[in-house]
Amino acid sequence: MPTDRLTSLIASFRGQRLVVFGDLIADEYVYGRVARVSREAPVLILEYDATEVVPGGAGNAANNAASLGADVTLVSLVGRDEHGRRLFKVLPRGVARTGLARPGGYRTPVKTRILAGGIHSAKQQVVRIDRFASEPVADAHREAAERMARTAIKGADAVLVSDYGSGLVTPKFIHELAGRLKNKAPILIDSRYALTRYRGLTACTPNESEVEQVLGVTIDDQPQVLERAGRALLKRTRMQAVLITRGSRGMALFEAGKPTVHVPIFGSDQIADVTGAGDTVMATMTLALAAGATFEEAARLANFAGGLVVMKRGTATVSAPELRRAVSHG
(Lines give C-alpha, C1' and ligand atoms only; values in the text may rest on other atoms or scores of the structure.)
Protein backbone atom coordinates (compact mmCIF):
# COMPACT_ATOMS: atom_id res chain seq x y z
CA MET A 1 0.00 0.00 0.00
CA PRO A 2 1.50 3.40 -0.99
CA THR A 3 3.21 5.09 1.94
CA ASP A 4 2.30 8.57 0.74
CA ARG A 5 -1.40 7.67 0.80
CA LEU A 6 -1.17 6.51 4.43
CA THR A 7 0.84 9.55 5.54
CA SER A 8 -1.68 11.79 3.80
CA LEU A 9 -4.47 10.16 5.81
CA ILE A 10 -2.53 10.72 9.05
CA ALA A 11 -2.22 14.41 8.17
CA SER A 12 -6.01 14.49 7.71
CA PHE A 13 -6.56 13.27 11.29
CA ARG A 14 -5.96 16.81 12.56
CA GLY A 15 -9.22 18.63 13.12
CA GLN A 16 -11.48 15.60 12.69
CA ARG A 17 -14.40 16.00 15.07
CA LEU A 18 -14.75 12.76 16.99
CA VAL A 19 -17.29 11.88 19.67
CA VAL A 20 -16.33 9.08 22.06
CA PHE A 21 -19.28 7.68 24.01
CA GLY A 22 -18.95 4.98 26.63
CA ASP A 23 -17.52 3.78 29.92
CA LEU A 24 -14.86 6.03 31.42
CA ILE A 25 -12.57 4.10 33.76
CA ALA A 26 -9.84 5.32 36.10
CA ASP A 27 -6.70 3.31 35.40
CA GLU A 28 -4.71 3.56 38.62
CA TYR A 29 -1.08 2.45 38.79
CA VAL A 30 0.57 1.88 42.17
CA TYR A 31 4.36 1.54 41.92
CA GLY A 32 6.62 -0.07 44.48
CA ARG A 33 10.02 -1.68 45.02
CA VAL A 34 10.39 -5.26 46.18
CA ALA A 35 11.77 -5.13 49.72
CA ARG A 36 11.55 -8.70 51.02
CA VAL A 37 9.23 -11.66 51.55
CA SER A 38 6.66 -11.21 54.30
CA ARG A 39 6.86 -13.30 57.47
CA GLU A 40 3.08 -13.26 57.68
CA ALA A 41 2.43 -15.04 54.37
CA PRO A 42 4.38 -16.16 51.28
CA VAL A 43 3.98 -12.77 49.57
CA LEU A 44 6.27 -9.92 48.62
CA ILE A 45 6.46 -6.73 50.63
CA LEU A 46 6.63 -3.65 48.43
CA GLU A 47 7.99 -0.28 49.45
CA TYR A 48 5.60 2.25 48.01
CA ASP A 49 6.92 4.69 45.39
CA ALA A 50 4.04 6.51 43.70
CA THR A 51 0.47 6.40 42.42
CA GLU A 52 -0.65 7.51 38.96
CA VAL A 53 -4.20 7.81 37.56
CA VAL A 54 -4.77 7.90 33.79
CA PRO A 55 -7.93 7.71 31.64
CA GLY A 56 -8.98 4.16 30.81
CA GLY A 57 -11.80 2.65 28.76
CA ALA A 58 -13.52 5.33 26.70
CA GLY A 59 -11.08 7.81 28.23
CA ASN A 60 -8.11 5.97 26.74
CA ALA A 61 -9.78 5.86 23.31
CA ALA A 62 -10.44 9.61 23.55
CA ASN A 63 -6.88 10.23 24.74
CA ASN A 64 -5.46 8.30 21.77
CA ALA A 65 -7.63 10.14 19.27
CA ALA A 66 -6.57 13.50 20.72
CA SER A 67 -2.92 12.43 20.58
CA LEU A 68 -3.41 11.70 16.86
CA GLY A 69 -4.71 15.23 16.30
CA ALA A 70 -8.49 14.94 16.50
CA ASP A 71 -10.86 17.33 18.26
CA VAL A 72 -12.50 14.95 20.71
CA THR A 73 -15.63 15.23 22.82
CA LEU A 74 -15.86 12.55 25.49
CA VAL A 75 -19.40 11.69 26.58
CA SER A 76 -19.58 9.59 29.72
CA LEU A 77 -20.15 9.51 33.46
CA VAL A 78 -17.55 10.38 36.07
CA GLY A 79 -18.03 10.38 39.83
CA ARG A 80 -17.43 13.17 42.28
CA ASP A 81 -15.27 10.79 44.30
CA GLU A 82 -11.48 11.08 44.60
CA HIS A 83 -10.77 8.93 41.55
CA GLY A 84 -13.32 10.87 39.52
CA ARG A 85 -11.75 14.20 40.49
CA ARG A 86 -8.28 12.99 39.59
CA LEU A 87 -9.52 11.52 36.33
CA PHE A 88 -11.26 14.76 35.38
CA LYS A 89 -8.03 16.70 35.92
CA VAL A 90 -5.73 14.39 33.91
CA LEU A 91 -7.82 14.31 30.73
CA PRO A 92 -5.68 15.93 28.02
CA ARG A 93 -6.41 19.37 26.61
CA GLY A 94 -7.50 17.87 23.30
CA VAL A 95 -10.45 16.12 24.97
CA ALA A 96 -13.47 18.34 25.65
CA ARG A 97 -15.08 17.68 29.05
CA THR A 98 -18.43 19.25 28.13
CA GLY A 99 -19.98 15.82 27.59
CA LEU A 100 -19.14 14.47 31.04
CA ALA A 101 -22.03 14.09 33.46
CA ARG A 102 -21.09 14.03 37.16
CA PRO A 103 -24.22 12.83 39.00
CA GLY A 104 -24.23 12.58 42.75
CA GLY A 105 -23.90 9.05 44.06
CA TYR A 106 -22.16 7.72 40.96
CA ARG A 107 -18.92 5.84 41.71
CA THR A 108 -16.11 6.02 39.18
CA PRO A 109 -15.05 2.53 37.96
CA VAL A 110 -11.42 1.87 38.90
CA LYS A 111 -8.81 -0.64 37.77
CA THR A 112 -5.87 -0.60 40.17
CA ARG A 113 -2.68 -2.26 38.97
CA ILE A 114 0.12 -2.94 41.44
CA LEU A 115 3.53 -2.89 39.77
CA ALA A 116 6.70 -4.05 41.45
CA GLY A 117 10.36 -4.24 40.57
CA GLY A 118 13.88 -3.75 41.78
CA ILE A 119 15.88 -0.53 41.67
CA HIS A 120 17.49 -1.41 38.35
CA SER A 121 14.73 -3.51 36.78
CA ALA A 122 11.49 -2.75 34.96
CA LYS A 123 8.40 -2.89 37.12
CA GLN A 124 5.99 -5.72 36.37
CA GLN A 125 2.30 -5.97 37.15
CA VAL A 126 1.77 -8.37 40.05
CA VAL A 127 -1.96 -7.97 40.72
CA ARG A 128 -4.97 -5.99 39.47
CA ILE A 129 -7.89 -4.88 41.62
CA ASP A 130 -11.16 -3.95 39.88
CA ARG A 131 -13.65 -1.71 41.67
CA PHE A 132 -16.86 -1.62 39.65
CA ALA A 133 -20.41 -1.06 40.87
CA SER A 134 -22.28 -4.32 41.40
CA GLU A 135 -25.46 -2.83 39.94
CA PRO A 136 -25.93 -1.48 36.38
CA VAL A 137 -25.77 2.27 35.82
CA ALA A 138 -28.93 3.95 37.14
CA ASP A 139 -31.50 4.89 34.50
CA ALA A 140 -31.33 8.58 35.43
CA HIS A 141 -27.54 8.61 35.07
CA ARG A 142 -27.64 6.78 31.75
CA GLU A 143 -30.33 9.09 30.39
CA ALA A 144 -28.24 12.14 31.34
CA ALA A 145 -25.30 10.78 29.34
CA GLU A 146 -27.59 9.93 26.41
CA ARG A 147 -28.89 13.51 26.28
CA MET A 148 -25.33 14.78 26.13
CA ALA A 149 -24.49 12.29 23.36
CA ARG A 150 -27.41 13.47 21.21
CA THR A 151 -26.09 17.02 21.46
CA ALA A 152 -22.43 16.11 21.00
CA ILE A 153 -22.85 14.23 17.70
CA LYS A 154 -24.24 17.25 15.86
CA GLY A 155 -21.57 17.98 13.27
CA ALA A 156 -19.40 15.00 14.29
CA ASP A 157 -17.17 13.43 11.64
CA ALA A 158 -17.23 10.06 13.43
CA VAL A 159 -18.43 8.34 16.59
CA LEU A 160 -16.56 5.75 18.64
CA VAL A 161 -18.56 3.70 21.15
CA SER A 162 -16.77 2.01 24.04
CA ASP A 163 -18.91 -0.53 25.92
CA TYR A 164 -17.24 -2.11 28.96
CA GLY A 165 -20.47 -3.59 30.28
CA SER A 166 -21.59 -1.10 32.96
CA GLY A 167 -25.02 -0.64 31.40
CA LEU A 168 -24.29 2.91 30.24
CA VAL A 169 -24.15 1.81 26.58
CA THR A 170 -27.18 0.00 25.17
CA PRO A 171 -27.80 -1.37 21.65
CA LYS A 172 -31.13 0.48 21.46
CA PHE A 173 -29.55 3.87 22.07
CA ILE A 174 -26.58 3.23 19.75
CA HIS A 175 -29.04 2.33 16.98
CA GLU A 176 -30.79 5.65 17.63
CA LEU A 177 -27.48 7.50 17.66
CA ALA A 178 -26.43 5.97 14.34
CA GLY A 179 -29.70 7.13 12.79
CA ARG A 180 -29.03 10.71 13.89
CA LEU A 181 -25.60 10.95 12.24
CA LYS A 182 -25.35 13.16 9.18
CA ASN A 183 -23.35 12.61 5.96
CA LYS A 184 -22.86 8.90 6.63
CA ALA A 185 -20.36 9.57 9.41
CA PRO A 186 -18.80 6.28 10.55
CA ILE A 187 -19.80 4.82 13.91
CA LEU A 188 -17.62 2.04 15.38
CA ILE A 189 -18.27 -0.16 18.40
CA ASP A 190 -15.90 -1.74 20.91
CA SER A 191 -18.01 -4.02 23.11
CA ARG A 192 -16.37 -6.43 25.53
CA TYR A 193 -19.37 -8.60 26.36
CA ALA A 194 -22.29 -7.88 23.99
CA LEU A 195 -20.83 -7.38 20.53
CA THR A 196 -23.46 -9.36 18.61
CA ARG A 197 -26.26 -7.25 20.09
CA TYR A 198 -25.07 -4.27 18.05
CA ARG A 199 -26.24 -4.38 14.44
CA GLY A 200 -25.76 -2.38 11.29
CA LEU A 201 -22.93 -0.09 12.40
CA THR A 202 -19.83 0.76 10.38
CA ALA A 203 -17.31 -1.61 11.96
CA CYS A 204 -16.08 -3.34 15.10
CA THR A 205 -12.59 -4.38 16.20
CA PRO A 206 -12.83 -7.35 18.59
CA ASN A 207 -9.76 -9.26 19.64
CA GLU A 208 -9.46 -12.96 18.91
CA SER A 209 -10.35 -14.12 22.42
CA GLU A 210 -13.54 -12.02 22.36
CA VAL A 211 -14.51 -13.60 19.04
CA GLU A 212 -13.83 -17.08 20.41
CA GLN A 213 -15.98 -16.38 23.45
CA VAL A 214 -18.95 -14.95 21.55
CA LEU A 215 -18.94 -17.70 18.89
CA GLY A 216 -17.83 -20.62 21.06
CA VAL A 217 -14.84 -21.54 18.88
CA THR A 218 -11.07 -21.89 19.23
CA ILE A 219 -9.11 -20.20 16.45
CA ASP A 220 -5.39 -20.57 17.28
CA ASP A 221 -3.44 -21.20 14.02
CA GLN A 222 -6.43 -22.55 12.12
CA PRO A 223 -7.06 -20.25 9.11
CA GLN A 224 -10.31 -22.00 8.17
CA VAL A 225 -11.73 -21.46 11.66
CA LEU A 226 -10.66 -17.80 11.57
CA GLU A 227 -12.33 -17.35 8.17
CA ARG A 228 -15.59 -18.92 9.30
CA ALA A 229 -15.57 -16.91 12.53
CA GLY A 230 -14.97 -13.60 10.78
CA ARG A 231 -17.66 -14.23 8.19
CA ALA A 232 -20.12 -15.39 10.85
CA LEU A 233 -19.51 -12.26 12.92
CA LEU A 234 -19.89 -10.07 9.83
CA LYS A 235 -23.24 -11.71 9.07
CA ARG A 236 -24.57 -11.63 12.63
CA THR A 237 -23.69 -7.98 13.24
CA ARG A 238 -24.54 -6.78 9.72
CA MET A 239 -21.60 -4.39 9.89
CA GLN A 240 -19.71 -3.14 6.88
CA ALA A 241 -16.44 -4.51 8.24
CA VAL A 242 -15.05 -6.61 11.09
CA LEU A 243 -11.39 -6.25 12.10
CA ILE A 244 -10.18 -9.07 14.34
CA THR A 245 -6.98 -8.26 16.23
CA ARG A 246 -4.83 -11.34 16.85
CA GLY A 247 -1.91 -10.19 18.98
CA SER A 248 1.39 -11.50 17.61
CA ARG A 249 -0.51 -12.94 14.62
CA GLY A 250 -1.51 -9.48 13.37
CA MET A 251 -5.02 -8.67 12.20
CA ALA A 252 -7.69 -10.02 9.84
CA LEU A 253 -10.11 -7.71 8.04
CA PHE A 254 -13.46 -9.01 6.81
CA GLU A 255 -15.76 -7.13 4.42
CA ALA A 256 -18.86 -8.49 2.73
CA GLY A 257 -18.18 -9.54 -0.86
CA LYS A 258 -14.41 -9.06 -0.57
CA PRO A 259 -11.56 -11.47 0.20
CA THR A 260 -10.16 -11.45 3.72
CA VAL A 261 -7.14 -9.19 4.23
CA HIS A 262 -4.50 -10.54 6.63
CA VAL A 263 -2.26 -7.83 8.09
CA PRO A 264 0.98 -9.10 9.69
CA ILE A 265 2.11 -7.68 13.02
CA PHE A 266 4.07 -4.44 12.89
CA GLY A 267 7.25 -4.25 14.95
CA SER A 268 8.59 -6.82 17.37
CA ASP A 269 6.59 -9.64 18.90
CA GLN A 270 8.43 -8.91 22.19
CA ILE A 271 5.46 -7.04 23.64
CA ALA A 272 5.93 -4.83 26.69
CA ASP A 273 2.29 -4.25 27.68
CA VAL A 274 -1.04 -4.81 25.88
CA THR A 275 -3.03 -2.63 28.31
CA GLY A 276 -5.38 -0.42 26.32
CA ALA A 277 -4.03 -1.48 22.93
CA GLY A 278 -7.57 -2.18 21.68
CA ASP A 279 -8.50 1.43 22.41
CA THR A 280 -5.55 2.61 20.30
CA VAL A 281 -6.55 0.39 17.40
CA MET A 282 -10.16 1.54 17.58
CA ALA A 283 -9.27 5.24 17.78
CA THR A 284 -6.90 5.01 14.82
CA MET A 285 -9.32 3.09 12.65
CA THR A 286 -12.19 5.48 13.44
CA LEU A 287 -10.12 8.55 12.58
CA ALA A 288 -8.84 6.95 9.38
CA LEU A 289 -12.38 6.21 8.21
CA ALA A 290 -13.45 9.75 9.10
CA ALA A 291 -10.56 11.01 6.97
CA GLY A 292 -11.78 9.04 3.95
CA ALA A 293 -9.74 5.84 4.23
CA THR A 294 -10.90 2.51 2.87
CA PHE A 295 -11.35 -0.23 5.45
CA GLU A 296 -8.05 -1.79 4.42
CA GLU A 297 -6.19 1.51 4.70
CA ALA A 298 -7.77 2.12 8.11
CA ALA A 299 -6.84 -1.40 9.26
CA ARG A 300 -3.23 -0.98 8.19
CA LEU A 301 -2.91 2.33 10.01
CA ALA A 302 -4.52 0.78 13.09
CA ASN A 303 -2.02 -2.08 12.87
CA PHE A 304 0.89 0.37 12.90
CA ALA A 305 -0.59 2.19 15.89
CA GLY A 306 -1.25 -1.03 17.78
CA GLY A 307 2.29 -2.24 17.14
CA LEU A 308 3.68 1.00 18.56
CA VAL A 309 1.54 1.18 21.69
CA VAL A 310 2.20 -2.37 22.90
CA MET A 311 5.90 -1.47 23.15
CA LYS A 312 5.01 1.10 25.80
CA ARG A 313 4.20 0.29 29.40
CA GLY A 314 0.87 1.12 30.97
CA THR A 315 -2.16 2.80 29.42
CA ALA A 316 -0.35 4.63 26.62
CA THR A 317 -1.06 6.60 23.45
CA VAL A 318 0.48 7.02 19.99
CA SER A 319 1.08 10.45 18.45
CA ALA A 320 0.64 11.42 14.81
CA PRO A 321 4.42 11.95 14.31
CA GLU A 322 5.13 8.50 15.78
CA LEU A 323 2.58 6.92 13.50
CA ARG A 324 3.92 8.78 10.47
CA ARG A 325 7.48 7.62 11.20
CA ALA A 326 6.30 4.03 11.60
CA VAL A 327 4.52 4.15 8.23
CA SER A 328 7.53 5.73 6.53
CA HIS A 329 9.97 3.15 7.88
CA GLY A 330 7.65 0.17 8.07
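The values are calculated or read from the model by the stated rules, or taken from the named source; none is laboratory data. None of these values were measured; they are calculated from a predicted model. Cβ placement follows ideal geometry from the backbone for every residue including glycine, while neighbour counts extend to all protein chains displayed.
Here are a few things to note about the model shown:
- Residue count for the stretch 157-194 satisfying the condition of being surrounded by fewer than 24 Cβ atoms within 10 Å (Cβ to Cβ) and assigned to a helix (DSSP H, G or I): 9.
- Hits in the stretch 164-179 (condition: under 16 Å from residue 20 (Cβ atoms) and modelled with pLDDT of 95 or more): 168, 169, 173, 174, 177, 178
- Subset of the stretch 62-85 that is in contact with a helix residue (DSSP H, G or I) (Cβ under 9 Å, 6 or more places away or on another chain) and under 26 Å from residue 123 (Cα atoms) - its residue that is surrounded by the fewest Cβ atoms within 10 Å (Cβ to Cβ): 67
- Among the residues of the stretch 160-179, those identified as among the charged types (D, E, K, R) and over 18 Å from residue 25 (Cβ atoms) are 172, 176.
- Odd one out for residue 59, checked against (1) in contact (Cβ under 8 Å) with a residue 40 or more places away in the chain; (2) surrounded by 20 or more Cβ atoms within 10 Å (Cβ to Cβ); (3) closer than 26 Å to residue 19 by Cα: (1)
- Hits in the stretch 156-177 (condition: within 15 Å of the chain's Cα centre (by Cα) and farther than 17 Å from residue 288 by Cα): 162, 163, 164, 165, 169
- Qualifying residue in the stretch 282-289 (condition: in contact with an Asp or Glu (Cβ under 8 Å, 6 or more places away or on another chain) and either of a type in the set (D, E, K, R) or in contact (Cβ under 8 Å) with a residue 12 or more places away in the chain (or both)): yes
- Candidates are the residues of the stretch 195-207 that are over 15 Å from the mean Cα position of the chain (by Cα) and not in a loop (DSSP other than H, G, I, E, B); the one that is farthest from residue 237 (Cα to Cα) is 197.
- Which numbered condition residue 134 fails, given (1) modelled with pLDDT under 95; (2) touching a helix residue (DSSP H, G or I) at 6+ places or on another chain (Cβ under 7 Å): (2)
- Looking across the stretch 118-140, just one residue is surrounded by 17 or more Cβ atoms within 10 Å (Cβ to Cβ) and touching a strand residue (DSSP E or B) at 6+ places or on another chain (Cβ under 6 Å), and that is 123.
- Of the residues making up the stretch 207-225, those that are under 29 Å from residue 288 (Cα atoms) and touching an Asp or Glu at 6+ places or on another chain (Cβ under 8 Å) number 1.
- Candidates 56, 105, filtered to the one that is on the phi > 0 side of the Ramachandran plot and modelled with pLDDT under 95: 105
- All positions within the stretch 274-330 that are assigned to a helix (DSSP H, G or I), surrounded by fewer than 23 Cβ atoms within 10 Å (Cβ to Cβ) and of a type in the set (Ser, Thr, Tyr): 328
- Filtered by the rule that a residue be buried (at least 19 other Cβ atoms within 10 Å of the Cβ) and free of Cβ contacts under 8 Å to residues at least 60 places away in the same chain, the stretch 41-56 gives a lone residue, 53.
- Residue count for the stretch 16-40, restricted to those that are more than 19 Å from residue 152 (Cβ to Cβ), of a type in the set (Lys, Arg) and in contact (Cβ under 8 Å) with a residue 60 or more places away in the chain: 1.
- Residue in the stretch 215-237 that is under 30 Å from residue 184 (Cα atoms), in contact (Cβ under 8 Å) with a residue 40 or more places away in the chain and within 20 Å of the chain's Cα centre (by Cα) present: yes
- Exclusive hit being in contact with a helix residue (DSSP H, G or I) (Cβ under 6 Å, 6 or more places away or on another chain), closer than 21 Å to residue 144 by Cβ and not aromatic (Phe, Trp, Tyr), set 94, 99: 99
Rundown of residues vs (1) of a type in the set (A, V, I, L, M, F, W, C); (2) within 19 Å of the chain's Cα centre (by Cα), yes/no style:
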site	(1), (2)
48	no, no
52	no, no
55	no, yes
59	no, yes
71	no, yes
75	yes, yes
80	no, no
90	yes, yes
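- Screening residue 54 with (1) in a loop (DSSP other than H, G, I, E, B); (2) touching a strand residue (DSSP E or B) at 6+ places or on another chain (Cβ under 8 Å) gives one miss only, at (1).
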